[in-house]
Every structure is written in structure tokens, then in C-alpha cells.
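Below: the structure, in C-alpha cells.
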Amino acid sequence: YLDILEPNGKLIQRFSTAAKENKTDPSATKKLKVKSGGNRFVWNLRYPGFKSFDGMVLYSSPNVGPKAPPGNYKVKLTHNGKSQEQEFTIVKDLRLPNSDADFKSQFDFLIEVRNQVSRANQAIADIRTVKKDLEYVTNKSKNNSALQKMITDFKTKLEVIENKIHMTKNQSRQDPLNYGIRINNRLAFLLADSQRGDYPPTDQSKEFFIEIKKELDVEIESLNALMTVYVSKINDKVSENKIKMISLE
């Protein structure tokens, strides 16, 4: 496998001949294609993008991670338990007036925004996992009205939070024009817009980020509280009523 590393050894991205495709986690190991004889590898100088989820549709927000700022890096090749390491340097475009602090300011901001997009999308993935489990329990407890009502209430409240974080009506690239966008897409657009050039984040971008992060914090806190209340209650009801999760009948 091939590792791209920061100077302190922190992994940026790994590429491996044994890697399996992972469409929802850009930080996962990527496929390394090799052939007999000499091989050439070109790194796009990008850090991984944000986590996504199956069926995610965002408006004008490509999932592209921040560009590595000028500086020293390492590449490490490992084969059959033996490793070789080489340092390399990314140099800035000499036509740009940017200082090192400018590059760092932009990079740090982009990483922070990317992480919040991932946080929002992880919440959607978690909600959908729970909803899938609830659907299964619903089918196994059709004669238990109390449990059915509890599941319905929980699912309804989950979907309120889900729709505040992500516009669930967006199923195609044209849908955002009709239905609008939510928290995760607003963050993702900020990420895309803030790396259209080599410049530090604007004051407006930083202010917008603070506000939208506050909105996400509220929804995440509501989700965690909801999970705390309902998950244990539903699990207790399942155990109490001895509902068979797997049945051969």
C-alpha cells in the first residue's frame, strides 16, 4: 500500500491494491492500480472529502476535500512487510502573493467545514439505520398497539430532525431547485465556494459557518436526546413482550 503523510506522520490518504470501494467514506483506503514493471502514481494534492450516505443529493456541492497547503510531506510505500519512505515538498504558485499564514488559514477553515458536513451526514446515516431497525420491529409487533404507537412517535420525531439536516425530497440533481436545501447542503456549498481560489476565508464565510454550525448543534443535541429517550424504551418493550426478532414461521 501507499501512504501520503503529513510531516509528523499523520495519515492523509492510503492507497492499496487490496482496497474495496467505499462510496460514503472518502477517508477510507482507495484502490491502488498497479501493473507489471514500472508504475507511476499521481496524487491530486487533496485531503479526503466529507462522509456521505447512500442516495445523497446535494445542490452545486461536489465532494472535494481541501487542497494540501504548500509545505513538506512524506510518501511511504509498503510491500511484503517492508517499507520505503521519501519526503517531498509542495511549493506554492510564485505568481500568488499568499503568505504561509494565508494558506494555513484557508486550509484550517476548509477542514473545519468539511468535518461539520461529515457530522451532519453521519447524523442522517444514523437516523436511517434506526428507521430501518424500527421498520423491522414494526413488522414483528403488529399486534402490540402500545409498541406500535411508540415506534410511530419515535419515527415521526426522527424524520423532523432528518428533514432539518437534509432535504429528503431531493432524489435527483434537479430537485433542489424545487425543494431547496438544508443544513448539510449549506455547509457543503460553503466548503465548495471557499476553495474556488487560493485565499483565506472571508469574514462573511466565517460568520455564516458559525451560524450554520449552531443550527447543526441544535439538531444533533435533539437527536441525541431523542435516541436516549426512545431507544431504551423500545428495547425494553421488545424484551418485555418477548418479541421474536427472528422467526421460522
Inset, instruction - Being open to solvent by 30 Å² or more (accessible area, probe 1.4 Å) and assigned to a helix (DSSP H, G or I) narrows it down to one of Val238, Val137, Val160, so name that one. - result: Val160
Inset, instruction - Write out, first by first residue and then by second, each pair whose Cβ atoms fall under 8 Å of each other, whose residues are 6+ apart or on separate chains, and whose first residue, in the range 132-160, is farther than 18 Å from Met227 by Cβ while the second is open to solvent by 60 Å² or more (accessible area, probe 1.4 Å). - result: Lys140/Lys244; Lys140/Met245; Ser141/Asn241; Asn144/Asn241; Gln148/Lys142
Legend entry - Among the candidates Lys67, Lys51, Lys35, Lys30, residue that is surrounded by 15 or more Cβ atoms within 10 Å (Cβ to Cβ) and farther than 30 Å from Leu177 by Cβ: Lys30
Legend entry - Enumeration of residues in the range 174-228 that are farther than 19 Å from Ile124 by Cα, open to solvent by 70 Å² or more (accessible area, probe 1.4 Å) and not in a helix (DSSP H, G or I): Gln174, Arg196, Tyr199
Legend entry - Residues of the range 1-17 classified as within 14 Å of Leu77 (Cα to Cα) and either among the polar types (S, T, N, Q) or assigned to a loop (DSSP other than H, G, I, E, B) (or both), total: 5
Legend entry - Candidates Leu77, Leu96, filtered to the one that is over 13 Å from the mean Cα position of the chain (by Cα), aliphatic (A, V, I, L, M) and open to solvent by less than 60 Å² (accessible area, probe 1.4 Å): Leu96
Inset, instruction - Check Asn139 against each of (1) under 28 Å from Ala28 (Cα atoms); (2) at pLDDT below 95 and name the one condition it does not meet. - result: (1)
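Residue by residue, here is whether (1) among the charged types (D, E, K, R); (2) on the phi > 0 side of the Ramachandran plot; (3) part of a strand (DSSP E or B); (4) touching a residue at least 24 places away in the same chain (Cβ under 8 Å) holds:
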{"residue": "Glu21", "(1), (2), (3), (4)": "yes, no, no, no"}
{"residue": "Val34", "(1), (2), (3), (4)": "no, no, no, no"}
{"residue": "Gly37", "(1), (2), (3), (4)": "no, yes, no, no"}
{"residue": "Phe41", "(1), (2), (3), (4)": "no, no, no, yes"}
{"residue": "Tyr59", "(1), (2), (3), (4)": "no, no, no, yes"}
{"residue": "Val64", "(1), (2), (3), (4)": "no, no, no, yes"}
{"residue": "Pro69", "(1), (2), (3), (4)": "no, no, no, yes"}
{"residue": "Lys74", "(1), (2), (3), (4)": "yes, no, yes, yes"}
{"residue": "Ser83", "(1), (2), (3), (4)": "no, no, yes, no"}
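The values are calculated or read from the model by the stated rules, or taken from the named source; none is laboratory data. Keep in mind it's a predicted model, so treat the numbers as computed, not measured. Using ideal geometry, Cβ is built from the backbone for each residue, glycine included, and neighbour counts are taken over all protein chains shown. The protein model used for the area step is the full one, side chains on, heavy atoms only, and it has no ligands, DNA or RNA in it. Shrake-Rupley method; radii C 1.70, N 1.55, O 1.52, S 1.80 Å.
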